[in-house]
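Accompanying notes for the structure given below.
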Amino acid sequence: MSSPTFSQSLLAGGAAGTAVDLLFFPIDTVKTRLQSAQGFAKAGGFRGIYKGVGSIVVGSAPGAAVFFSCYDTLKRVSPLPESYAPLTHVLSASTAEVAACLIRVPTEVIKTRTQTSAYGPLAGSLFAAKSVWTSSGFEGFYRGFSSTIFREIPFTSIQFPLYEILKHQLSLQLHRKPLYAHEAAICGSIAGGTAAALTTPLDVLKTRVMLDMRDSSTGKIPLLRRFKSIYLEEGMRALFAGVVPRTLWISAGGAVFLGVYEWAVHGLMAYDAI
(Lines give C-alpha, C1' and ligand atoms only; values in the text may rest on other atoms or scores of the structure.)
Protein backbone atom coordinates (compact mmCIF):
# COMPACT_ATOMS: atom_id res chain seq x y z
CA MET A 1 0.00 0.00 0.00
CA SER A 2 1.28 3.52 -0.85
CA SER A 3 2.44 5.98 1.81
CA PRO A 4 0.09 8.72 3.02
CA THR A 5 0.41 12.19 1.56
CA PHE A 6 1.48 15.20 3.62
CA SER A 7 -2.11 16.44 4.00
CA GLN A 8 -3.43 12.99 4.94
CA SER A 9 -0.78 12.65 7.68
CA LEU A 10 -1.56 16.19 8.84
CA LEU A 11 -5.29 15.57 9.27
CA ALA A 12 -4.93 12.09 10.77
CA GLY A 13 -2.23 13.27 13.16
CA GLY A 14 -4.40 16.14 14.39
CA ALA A 15 -7.27 13.75 15.09
CA ALA A 16 -5.00 11.30 16.92
CA GLY A 17 -3.38 13.98 19.10
CA THR A 18 -6.69 15.50 20.17
CA ALA A 19 -8.23 12.12 20.96
CA VAL A 20 -5.42 10.85 23.18
CA ASP A 21 -4.74 14.08 25.08
CA LEU A 22 -8.37 14.73 25.96
CA LEU A 23 -9.06 11.12 26.90
CA PHE A 24 -6.05 10.65 29.18
CA PHE A 25 -5.64 14.15 30.55
CA PRO A 26 -6.55 13.20 34.18
CA ILE A 27 -3.79 10.57 34.31
CA ASP A 28 -1.30 13.13 32.99
CA THR A 29 -2.38 15.51 35.76
CA VAL A 30 -1.76 12.88 38.45
CA LYS A 31 1.66 12.07 36.94
CA THR A 32 2.66 15.75 36.81
CA ARG A 33 1.63 16.35 40.42
CA LEU A 34 3.58 13.29 41.58
CA GLN A 35 6.69 14.70 39.88
CA SER A 36 6.37 18.26 41.22
CA ALA A 37 8.85 19.41 43.86
CA GLN A 38 6.11 20.49 46.31
CA GLY A 39 4.64 17.00 46.39
CA PHE A 40 1.42 15.41 45.18
CA ALA A 41 -0.94 16.74 47.88
CA LYS A 42 0.24 20.37 47.74
CA ALA A 43 0.14 20.32 43.94
CA GLY A 44 -3.59 19.53 44.12
CA GLY A 45 -3.87 15.80 44.81
CA PHE A 46 -6.87 14.33 43.02
CA ARG A 47 -8.73 17.65 42.96
CA GLY A 48 -9.36 19.48 39.69
CA ILE A 49 -7.76 16.84 37.51
CA TYR A 50 -8.91 18.63 34.35
CA LYS A 51 -7.11 21.85 35.25
CA GLY A 52 -5.06 23.02 32.27
CA VAL A 53 -7.11 21.16 29.69
CA GLY A 54 -7.68 24.41 27.79
CA SER A 55 -4.05 24.57 26.69
CA ILE A 56 -4.24 20.98 25.44
CA VAL A 57 -7.31 21.77 23.32
CA VAL A 58 -5.27 24.49 21.62
CA GLY A 59 -2.01 22.59 21.18
CA SER A 60 -2.79 18.89 20.71
CA ALA A 61 -4.01 18.83 17.12
CA PRO A 62 -1.32 21.12 15.64
CA GLY A 63 1.52 19.39 17.50
CA ALA A 64 0.51 15.87 16.50
CA ALA A 65 -0.30 16.99 12.96
CA VAL A 66 3.19 18.45 12.52
CA PHE A 67 4.77 15.32 13.98
CA PHE A 68 3.06 12.80 11.71
CA SER A 69 3.30 14.87 8.55
CA CYS A 70 7.06 15.30 9.12
CA TYR A 71 7.57 11.68 10.20
CA ASP A 72 5.79 10.13 7.22
CA THR A 73 7.40 12.55 4.77
CA LEU A 74 10.92 11.92 6.09
CA LYS A 75 10.38 8.14 5.99
CA ARG A 76 9.20 8.42 2.40
CA VAL A 77 12.12 10.53 1.14
CA SER A 78 14.87 8.85 3.19
CA PRO A 79 17.89 7.94 1.03
CA LEU A 80 18.82 5.06 3.35
CA PRO A 81 18.24 1.50 2.04
CA GLU A 82 15.53 -0.76 3.48
CA SER A 83 18.11 -2.66 5.54
CA TYR A 84 18.63 0.56 7.53
CA ALA A 85 14.92 0.99 8.26
CA PRO A 86 15.33 1.24 12.08
CA LEU A 87 17.82 4.10 11.62
CA THR A 88 15.42 5.79 9.19
CA HIS A 89 12.67 5.54 11.80
CA VAL A 90 14.91 6.95 14.55
CA LEU A 91 16.04 9.92 12.45
CA SER A 92 12.56 10.62 11.08
CA ALA A 93 10.86 10.42 14.47
CA SER A 94 13.52 12.52 16.22
CA THR A 95 13.40 15.28 13.62
CA ALA A 96 9.61 15.27 13.59
CA GLU A 97 9.53 15.48 17.38
CA VAL A 98 11.75 18.56 17.42
CA ALA A 99 9.40 20.24 14.93
CA ALA A 100 6.34 19.28 16.99
CA CYS A 101 7.92 20.60 20.19
CA LEU A 102 8.02 24.09 18.71
CA ILE A 103 4.23 23.99 19.03
CA ARG A 104 3.87 21.64 22.00
CA VAL A 105 6.25 23.18 24.55
CA PRO A 106 4.37 26.48 25.10
CA THR A 107 1.14 24.58 25.77
CA GLU A 108 3.04 22.15 28.02
CA VAL A 109 4.39 25.04 30.12
CA ILE A 110 0.89 26.44 30.61
CA LYS A 111 -0.64 23.02 31.22
CA THR A 112 2.00 21.93 33.74
CA ARG A 113 1.75 25.10 35.81
CA THR A 114 -2.02 25.04 35.76
CA GLN A 115 -2.16 21.36 36.74
CA THR A 116 0.01 21.99 39.81
CA SER A 117 -1.78 25.23 40.85
CA ALA A 118 1.43 27.25 40.43
CA TYR A 119 -0.62 30.45 40.21
CA GLY A 120 -3.21 29.43 42.79
CA PRO A 121 -6.04 26.90 42.92
CA LEU A 122 -8.45 29.03 40.88
CA ALA A 123 -6.11 30.07 38.05
CA GLY A 124 -6.89 28.57 34.64
CA SER A 125 -4.95 28.20 31.41
CA LEU A 126 -5.58 31.75 30.18
CA PHE A 127 -4.41 33.26 33.47
CA ALA A 128 -1.30 31.04 33.38
CA ALA A 129 -0.53 32.15 29.81
CA LYS A 130 -0.85 35.82 30.76
CA SER A 131 1.34 35.29 33.82
CA VAL A 132 4.06 33.59 31.79
CA TRP A 133 4.03 36.45 29.29
CA THR A 134 4.10 39.12 32.01
CA SER A 135 6.94 37.54 33.98
CA SER A 136 9.15 36.12 31.22
CA GLY A 137 7.87 37.28 27.85
CA PHE A 138 8.05 35.05 24.77
CA GLU A 139 11.05 33.17 26.17
CA GLY A 140 8.95 32.00 29.12
CA PHE A 141 6.73 29.88 26.87
CA TYR A 142 9.79 27.87 25.84
CA ARG A 143 11.04 27.20 29.34
CA GLY A 144 11.92 23.54 29.37
CA PHE A 145 12.34 23.31 25.59
CA SER A 146 15.82 21.79 25.92
CA SER A 147 14.70 19.35 28.62
CA THR A 148 11.68 18.38 26.52
CA ILE A 149 13.92 17.63 23.54
CA PHE A 150 16.26 15.83 25.94
CA ARG A 151 13.31 13.58 26.83
CA GLU A 152 11.52 13.29 23.51
CA ILE A 153 14.42 12.24 21.29
CA PRO A 154 15.26 9.16 23.42
CA PHE A 155 11.53 8.46 23.80
CA THR A 156 10.77 8.55 20.09
CA SER A 157 14.03 6.75 19.29
CA ILE A 158 12.69 3.83 21.33
CA GLN A 159 8.97 4.07 20.59
CA PHE A 160 8.79 4.40 16.82
CA PRO A 161 11.44 1.90 15.71
CA LEU A 162 9.89 -0.59 18.16
CA TYR A 163 6.40 0.26 16.85
CA GLU A 164 7.48 -0.28 13.24
CA ILE A 165 9.23 -3.57 14.11
CA LEU A 166 6.17 -4.86 15.97
CA LYS A 167 3.89 -3.91 13.07
CA HIS A 168 6.19 -5.61 10.59
CA GLN A 169 6.41 -8.80 12.64
CA LEU A 170 2.65 -8.91 13.18
CA SER A 171 2.05 -8.39 9.45
CA LEU A 172 4.31 -11.35 8.73
CA GLN A 173 2.40 -13.50 11.21
CA LEU A 174 -0.99 -12.47 9.81
CA HIS A 175 0.15 -12.43 6.15
CA ARG A 176 -1.60 -9.10 5.78
CA LYS A 177 -0.58 -5.48 5.28
CA PRO A 178 -1.61 -2.90 6.35
CA LEU A 179 -2.79 -3.95 9.79
CA TYR A 180 -6.23 -3.09 11.08
CA ALA A 181 -6.37 -0.12 13.43
CA HIS A 182 -6.85 -2.24 16.58
CA GLU A 183 -3.84 -4.38 15.64
CA ALA A 184 -1.67 -1.31 15.17
CA ALA A 185 -3.02 -0.02 18.48
CA ILE A 186 -1.67 -3.08 20.30
CA CYS A 187 1.76 -2.49 18.78
CA GLY A 188 1.54 1.18 19.75
CA SER A 189 0.62 0.30 23.33
CA ILE A 190 3.63 -1.99 23.80
CA ALA A 191 6.04 0.45 22.16
CA GLY A 192 4.71 3.46 24.05
CA GLY A 193 4.71 1.77 27.45
CA THR A 194 8.27 0.50 27.02
CA ALA A 195 9.57 3.92 25.97
CA ALA A 196 7.64 5.66 28.75
CA ALA A 197 9.05 3.51 31.53
CA LEU A 198 12.64 3.85 30.32
CA THR A 199 12.51 7.63 29.89
CA THR A 200 10.65 8.54 33.11
CA PRO A 201 13.75 10.20 34.68
CA LEU A 202 13.94 12.54 31.70
CA ASP A 203 10.23 13.30 32.07
CA VAL A 204 10.78 14.20 35.75
CA LEU A 205 13.58 16.55 34.68
CA LYS A 206 11.34 18.20 32.09
CA THR A 207 8.54 18.70 34.62
CA ARG A 208 10.87 20.26 37.20
CA VAL A 209 12.30 22.70 34.65
CA MET A 210 8.86 23.81 33.48
CA LEU A 211 7.69 24.32 37.07
CA ASP A 212 10.76 26.40 37.98
CA MET A 213 9.41 29.93 38.07
CA ARG A 214 12.66 31.66 39.03
CA ASP A 215 13.88 34.43 36.75
CA SER A 216 15.79 32.68 33.96
CA SER A 217 17.86 35.83 33.32
CA THR A 218 19.81 35.23 36.54
CA GLY A 219 21.39 32.13 35.01
CA LYS A 220 20.02 28.83 33.83
CA ILE A 221 20.89 25.62 35.64
CA PRO A 222 22.47 23.13 33.20
CA LEU A 223 20.26 20.10 32.64
CA LEU A 224 22.84 17.55 33.76
CA ARG A 225 23.51 19.50 36.96
CA ARG A 226 19.80 19.71 37.69
CA PHE A 227 19.41 15.99 36.97
CA LYS A 228 22.31 15.17 39.33
CA SER A 229 20.86 17.44 41.99
CA ILE A 230 17.52 15.60 41.96
CA TYR A 231 19.32 12.28 42.31
CA LEU A 232 21.65 13.39 45.12
CA GLU A 233 19.07 15.32 47.13
CA GLU A 234 15.99 13.15 46.61
CA GLY A 235 17.31 9.78 45.46
CA MET A 236 16.54 7.42 42.61
CA ARG A 237 12.91 7.22 43.68
CA ALA A 238 12.39 10.87 42.74
CA LEU A 239 13.72 10.25 39.24
CA PHE A 240 11.09 7.57 38.74
CA ALA A 241 8.26 9.54 40.37
CA GLY A 242 5.06 8.97 38.44
CA VAL A 243 6.48 6.00 36.51
CA VAL A 244 3.35 3.89 37.01
CA PRO A 245 0.77 6.48 35.82
CA ARG A 246 3.15 7.59 33.05
CA THR A 247 3.62 4.05 31.78
CA LEU A 248 -0.09 3.20 32.06
CA TRP A 249 -1.06 6.50 30.46
CA ILE A 250 1.31 6.19 27.52
CA SER A 251 0.60 2.47 27.06
CA ALA A 252 -3.10 3.23 26.78
CA GLY A 253 -2.41 6.52 25.05
CA GLY A 254 -0.10 4.85 22.53
CA ALA A 255 -2.89 2.45 21.64
CA VAL A 256 -5.35 5.31 21.10
CA PHE A 257 -2.84 7.68 19.50
CA LEU A 258 -1.43 5.27 16.95
CA GLY A 259 -4.66 3.31 16.56
CA VAL A 260 -6.65 6.45 15.75
CA TYR A 261 -3.88 7.64 13.45
CA GLU A 262 -3.81 4.38 11.47
CA TRP A 263 -7.60 4.33 11.27
CA ALA A 264 -7.82 7.96 10.17
CA VAL A 265 -4.96 7.94 7.68
CA HIS A 266 -6.07 4.75 5.97
CA GLY A 267 -9.63 6.05 5.86
CA LEU A 268 -8.43 9.26 4.20
CA MET A 269 -6.29 7.29 1.74
CA ALA A 270 -9.24 5.10 0.80
CA TYR A 271 -11.53 8.13 0.44
CA ASP A 272 -9.07 10.04 -1.76
CA ALA A 273 -8.61 6.95 -3.94
CA ILE A 274 -12.30 6.88 -4.83
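Taking every residue in the range 75-86 that is in a helix (DSSP H, G or I) and pairing it with any residue that is at pLDDT 90 or above and open to solvent by 60 Å² or more (accessible area, probe 1.4 Å), at least 6 positions away or on another chain, the pairs with Cβ-Cβ distances below 8 Å are Pro86/Ile165. One residue stands out among those in the range 123-145 that are in a helix (DSSP H, G or I) and touching a helix residue (DSSP H, G or I) at 6+ places or on another chain (Cβ under 6 Å): the one that is nearest to Val204 (Cα to Cα), which is Phe145.
From Pro106, Pro121, which residue is in contact (Cβ under 8 Å) with a residue 40 or more places away in the chain and either within 18 Å of Leu248 (Cα to Cα) or open to solvent by less than 60 Å² (accessible area, probe 1.4 Å) (or both)? So that I can check it myself, show each step before the final result.
Values: Pro121 fails: either within 18 Å of Leu248 (Cα to Cα) or open to solvent by less than 60 Å² (accessible area, probe 1.4 Å) (or both).
The unique qualifying residue is Pro106.
Scanning the range 2-44 for residues that are open to solvent by 10 Å² or more (accessible area, probe 1.4 Å) and on the phi > 0 side of the Ramachandran plot yields one hit, Gly39.
Within the range 173-213, count every residue that is open to solvent by 50 Å² or more (accessible area, probe 1.4 Å) and under 20 Å from the mean Cα position of the chain (by Cα). Break it down stepwise before answering.
First, the residues of the range 173-213 that are open to solvent by 50 Å² or more (accessible area, probe 1.4 Å): 173-177, 180, 182, 186, 190, 194, 198, 213.
When the remaining residues are screened for being under 20 Å from the mean Cα position of the chain (by Cα), the result is 186, 190, 194, 198.
Of the residues in that region, 4 qualify.
Out of the range 219-264, which residues are aliphatic (A, V, I, L, M), part of a helix (DSSP H, G or I) and out of contact with any Phe, Trp or Tyr (no Cβ under 8 Å at 6 or more places or on another chain)? First the steps, then the outcome.
Here is the first cut: in the range 219-264, the ones aliphatic (A, V, I, L, M) are 221, 223-224, 230, 232, 236, 238-239, 241, 243-244, 248, 250, 252, 255-256, 258, 260, 264.
With part of a helix (DSSP H, G or I) added as a condition, the list becomes 223-224, 230, 232, 236, 238-239, 243-244, 248, 250, 252, 255-256, 258, 260, 264.
Once the filter is applied, which keeps residues that are aliphatic (A, V, I, L, M), part of a helix (DSSP H, G or I) and out of contact with any Phe, Trp or Tyr (no Cβ under 8 Å at 6 or more places or on another chain), the range 219-264 yields Leu224, Ile230, Leu232, Met236, Val243, Val244, Leu248, Ile250, Ala255, Val260, Ala264.
For the structure I just gave you, tell me whether Trp249 is touching an Asp or Glu at 6+ places or on another chain (Cβ under 7 Å) and either open to solvent by 30 Å² or more (accessible area, probe 1.4 Å) or of a type in the set (Gly, Ala, Ser) (or both). For Trp249, the condition - touching an Asp or Glu at 6+ places or on another chain (Cβ under 7 Å) and either open to solvent by 30 Å² or more (accessible area, probe 1.4 Å) or of a type in the set (Gly, Ala, Ser) (or both) - is met. When the range 95-122 is filtered for residues that are more than 16 Å from Arg208 (Cβ to Cβ), assigned to a helix (DSSP H, G or I) and out of contact with any Ser or Thr (no Cβ under 6 Å at 6 or more places or on another chain), the ones remaining, listed by number, are Thr95, Ala96, Val98, Ala99, Ala100, Leu102, Ile103, Arg104, Pro106. Evaluation of Ala191 against the conditions (1) assigned to a helix (DSSP H, G or I); (2) of a type in the set (A, V, I, L, M, F, W, C); (3) at pLDDT below 95 shows that the sole unmet condition is (3).
The values are calculated or read from the model by the stated rules, or taken from the named source; none is laboratory data. Quick caveat, the model's predicted, so the values are computed rather than measured. No Cβ is skipped: glycine too gets one built from the backbone with ideal geometry, and neighbour counts run over all protein chains shown. The accessibility values were calculated without ligands, DNA or RNA, using every heavy atom of the protein model including side chains. Shrake-Rupley method; radii C 1.70, N 1.55, O 1.52, S 1.80 Å.
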